[in-house]
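Q: Have a look at the structure that comes next, please.
The values are calculated or read from the model by the stated rules, or taken from the named source; none is laboratory data. Since we're looking at a predicted model, the values are computed, not measured. Counting neighbours? That spans all protein chains shown, and the Cβs are built from the backbone with ideal geometry, glycine included. Calculation scope for accessible area: heavy atoms of the full protein, side chains included, ligands and nucleic acids excluded. Shrake-Rupley method; radii C 1.70, N 1.55, O 1.52, S 1.80 Å.
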Amino acid sequence: MPETIHEKALRLIGAGAVTIRFQGDHVIDADVHGDHDTYPVVIEVGDRERCMCPASGDCSHLLAVLAVALQRNTGLPPAVTLGKVGV
Ligand SMILES: [Zn+2]
């Protein structure tokens with residue numbers, strides 16, 4: 001069975017692939033070392049989310065960054081926060 005984007009996001013987080021460069025109240029700026037390349041991810045909270053990878057729509061990189069950012073804010077582990085971002 002192919003890996004879901006949630007599973008892949010958890011794997012990326014577990015591998016330490018997420019680097020948050022800046023996390024403010026309204027914007028999160030990060031890099032994710034994906035399977036093939038490193039993708040910059042910019043999340044404007046409550047507005048739009050942008051990942052530079054070739055996938056269209058929501059991808060594992062965005063989820064991984066959101067989960068790491070939420071973990072910093074809430075202390076909840078990524079496995080929990082990923083369920084809450086509900087993509
Ligand atoms: Zn992506």
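Q: Residues in segment 9-33 that are touching a Ser or Thr at 6+ places or on another chain (Cβ under 8 Å) and farther than 21 Å from PRO77 by Cβ: how many?
A: 1
Q: Out of the residues in segment 8-29 meeting the condition of being open to solvent by less than 60 Å² (accessible area, probe 1.4 Å) and assigned to a loop (DSSP other than H, G, I, E, B), tell me which one is nearest to GLU44 (Cα to Cα).
A: GLY24
Q: Further question: For segment 8-41, name all the residues that are β-branched (Val, Ile, Thr), farther than 23 Å from GLY83 by Cβ and within 11 Å of the ligand (Cβ to nearest atom).
A: If the condition is that a residue be β-branched (Val, Ile, Thr), farther than 23 Å from GLY83 by Cβ and within 11 Å of the ligand (Cβ to nearest atom), then THR38 is the only one that fits.
Q: Does GLY86 meet the test of being out of contact with any strand residue (DSSP E or B) (no Cβ under 6 Å at 6 or more places or on another chain), surrounded by fewer than 11 Cβ atoms within 10 Å (Cβ to Cβ) and either at pLDDT below 95 or farther than 12 Å from ILE13 by Cα (or both)?
A: Details: out of contact with any strand residue (DSSP E or B) (no Cβ under 6 Å at 6 or more places or on another chain): yes; surrounded by fewer than 11 Cβ atoms within 10 Å (Cβ to Cβ): yes; either at pLDDT below 95 or farther than 12 Å from ILE13 by Cα (or both): yes.
The answer is yes for GLY86.
Q: Just to verify a result, which residue in segment 45-75, among those that are near the ligand (Cβ under 8 Å from one of its atoms) and within 15 Å of ARG21 (Cα to Cα), is surrounded by the most Cβ atoms within 10 Å (Cβ to Cβ)?
A: For segment 45-75, the residue satisfying everything is HIS61.
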